[in-house]
Amino acid sequence: MHCDDPTCQKVCPFGVIGKESSNAVHIDDTFCFGGAKCRDVCPWGIPQRQAGVGIYLKIAPKLAGGDAM
Ligand code: SF4
């Protein structure tokens, strides 16, 4: 929903949720660690977990699969 003051952005401990110049809210899937706090606080439940993406693929592939997009 690209909230003006997105709760998801406030709770991300990794700082990977940002606002683009168009005001779109974007989760950087390259660095998302899959904490899923954004999913828990979003009033509409929009961020969802996906398997096989994110930084775990590079640093700990055995742990890959907990991303939130
Ligand atoms: S993910 Fe949820 S809280 Fe974040 S901008 Fe979209 S609607 Fe707002």
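At-a-glance table
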| quantity | calculated |
| --- | --- |
| Order by protection proxy (mean Cβ within 10 Å, highest first), peptides 34-45, 12-23 | 34-45, 12-23 |
| Accessible area of Asp29 in the full protein assembly, 1.4 Å probe (Å², nearest 10) | 70 |
| Counted charge near Lys19, where neighbours are those whose Cβ lies closer than 13 Å (Asp, Glu -1; Lys, Arg +1) | -3 |
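The values are calculated or read from the model by the stated rules, or taken from the named source; none is laboratory data. Keep in mind that what you see is a predicted model, and the values were worked out from it rather than measured. Glycine also receives a Cβ, built like all others from the backbone with ideal geometry; neighbour counts cover every protein chain displayed. We work out accessible area using only protein heavy atoms, side chains counted, and drop any ligands, DNA or RNA first. Shrake-Rupley method; radii C 1.70, N 1.55, O 1.52, S 1.80 Å.
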